[in-house]
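Data block below; observations after.
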Amino acid sequence: MNLFNKVPKFIKSFYFLFTLGFVIWMLFLDTNDIGTQITLTRKLDALEREKEFYQEKINQVEKDREELLSNDELLEKFAREKYLMKKPNEDVYVIVKQ
């Protein structure tokens, strides 16, 4: 009983105990606790970086597309290299490096 008397009076207060319990509940036991918030923040950051990466790729593809559609020589070169297209009177030989 002597130990209980040494505790300051404000710590034994209902309001202090209720506030302490509420803080513990919100930080550790609630569905939106601090651990969940940190995990979600990290996931959001990773998704935003991924979004930026894909946005840059989209911009690059759009730029390449505009170049191909505006220049017939580039379009022909692309079709020959990528899809192995040829003119009717040509033979195409593909050399594969091992």
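Show me the ranking of peptides 5-12, 42-49, 87-94 by mean Cβ neighbours inside 10 Å, starting with the highest. Don't skip to the end; give the middle numbers.
Details: 5-12: 7.9, 42-49: 10.0, 87-94: 6.2.
Ranking the peptides 5-12, 42-49, 87-94 by packing returns 42-49, 5-12, 87-94.
Count the lysine pairs in region 46-98 whose Cα atoms lie under 24 Å apart, taking only pairs 8 or more positions apart in sequence or on different chains.
10
In the chain, if every C-alpha pair distance is counted and binned at 5 Å from zero, what percent goes to each bin?
2, 9, 8, 8, 7, 8, 7, 6, 5, 5, 5, 5, 5, 4, 3, 3, 3, 3, 2, 1, 0, 0
Evaluate the charge dipole of the chain about its Cα centre and quote only its size in Debye, nearest 20, assuming +1 on the Cβ of each Lys and Arg and -1 on the Cβ of each Asp and Glu. Don't skip to the answer; put the middle values down first.
Working: 16 positive and 17 negative charges, 194 e Å.
Once rounded to the nearest 20, the dipole reads 940 debye.
Would you work out which of 84, 95, 60 lies farthest towards the positive end of the dipole of region 46-98? Charges go on Cβ: Lys and Arg +1, Asp and Glu -1.
It is 95.
Rounded to the nearest angstrom and ordered from largest down, what semi-axes does the equivalent ellipsoid of region 46-98 get from its C-alpha gyration tensor (root of 5λ)? Write down the numbers at each step before the final one.
On the way: eigenvalues 207, 56, 7 Å².
Equivalent-ellipsoid dimensions as semi-axes: 32, 17, 6 Å.
Report, to the nearest 10°, how far helix 14-24 tilts away from the longest principal axis of the Cα atoms in the chain, using its own Cα long axis and a range of 0 to 90°.
So the inclination is approximately 20 degrees.
Give me the number: length gained by fully extending residue 39 to residue 9, i.e. 0.36 nm times residue separation minus the C-alpha to C-alpha distance, one decimal in nm.
Numbers: separation 30, 0.36 × 30 = 10.80 nm, distance 3.87 nm.
This chain segment gains 6.9 nm when fully extended.
Every number here is computed from the coordinates shown, using simple stated rules; none is lab data. Source: prediction; values computed, not measured. Cβ: placed from backbone, ideal geometry, glycine included. Neighbour counts: every protein chain shown.
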